[in-house]
1. Across segment 190-197, in residue order, what do the Karplus-derived ³J(HN,Hα) couplings come to in whole Hz, using 6.51 cos²θ - 1.76 cosθ + 1.60 with θ = phi - 60° and x for Gly and Pro?
2. Near Ala74, within a Cβ-to-Cβ distance under 9 Å, what is the net charge of the other residues, with Lys and Arg +1 and Asp and Glu -1?
3. Mind putting a number on the dipole of segment 206-273 about its Cα centre? Charges go on the C-beta only, +1 for Lys and Arg and -1 for Asp and Glu, and I need it in Debye to the nearest 20.
4. Rounded to the nearest 20 debye, what is the charge dipole size of the chain about its Cα centre when +1 sits on each Lys and Arg Cβ and -1 on each Asp and Glu Cβ?
5. Go ahead and set up a Gaussian network model of the chain, Cα springs under 10 Å, then flag whichever of Asp207, Asp259, Asp90 fluctuates most.
6. Can you give the relative contact order of the chain as a percent, counting alpha carbon pairs under 8 Å and 6+ residues apart?
7. Taking the Kirkwood radius as the inverse of the mean 1/r across Cα pairs, report the Rg/Rh of segment 140-259.
8. Considering only protein heavy atoms and a 1.4 Å probe, what is the carbon-and-sulfur percentage of the accessible area of segment 191-284?
Amino acid sequence: MKIVPGSSSPVLSYRISKMLGSSLVQVEYRRFPDGEIYVRVPEVEGEDVLIVQSIIRPEDWVTLMLLADACEKASDMIAFIPYMGYARQDRRFREGEPLSISVVARSLRSVGLSRIITVNLHSSKSRKYFEELYELDAMPLLGRYLRSHECVFISPDKGSVERVKRAAETAGVEWDFMEKRRIDSETVEISPGNVDVSGKDVVIIDDIISTGGTVAEAGKALLELGAKRVRSACIHAVLAGNAIVRMSSAGVEDIIATDTIENAVSVISVKDLVGESLKEMGYV
Ligand code: R5P
């Protein structure tokens, strides 16, 4: 199997190719003078290919579509989309809105991408829009990374309890949750409830950190409750705008994330998860 490194996931592509002993295709990327994206994917005719591309910015989606179309002569093609952007718009919240994740799924099918591997979709509601979707769970990876730390895991949101529980079970630590009310895309309100964190080292666990609003508000509440130290860990570190400053100003000391989105905090790799999945599918 050959690995086609997407523009948003070059490091993870490299890690996967090393792990599998597969070659990394020398994709040519450039921009036309007007900003349009150009890609060329050589030497994939008759090969099984794995395209690795997270959808973080709008252009990542376009690039993925172009890469897939450029692989038309491959014998078999599968996409690994570590971070599935637009998955939070998994229903029409207000009249006149699109069902974005369904548009993503349909557009990918239109270029031959019906078999897709991804990591922790924001909600299970999105699954039904895909024809053949393999969803990997990276929560235990967060737990494994924090295993030797004496701490308590906190979910900032009741809806994330099951995820946090899986991470806590792997880490062998206690867990608890708070309640969140979202006011708008940048503002949330956190009700701490009865969490007991006095004098404890706390890690806020979430699937996504986007604007950092959730972690910042949760961090403030935990410090007010007497937590000794507050850190955060997530799978997908989107870190939009001034998220890092926002969390740091709230007293959150560290951000730990996986490489579904590549940046300075992506210290945990999901490569083994995708390797196992490809083995189960018989590709390697
Ligand atoms: C929402 O339900 C998710 O689990 C995250 O809590 C959310 O996406 C975080 O967004 P932000 O960092 O913008 O508060």
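The values are calculated or read from the model by the stated rules, or taken from the named source; none is laboratory data. All values reported here derive from a predicted model rather than from experimental measurement. Every residue, glycine among them, receives a Cβ derived from its backbone with ideal geometry; neighbour counts consider all protein chains shown. Side chains are part of the model used for accessible areas, which takes the heavy atoms of the whole protein and leaves out ligands, DNA and RNA. Shrake-Rupley method; radii C 1.70, N 1.55, O 1.52, S 1.80 Å.
1. 10, 10, x, x, 9, 5, 9, 10
2. The answer is -3.
3. Result for segment 206-273 is approximately 240 debye, rounded to the nearest 20.
4. 200
5. In the Gaussian network model the winner is Asp90.
6. 14
7. Rg/Rh for segment 140-259 comes to 0.92.
8. Roughly 46 percent of what the probe reaches on segment 191-284 is carbon or sulfur.
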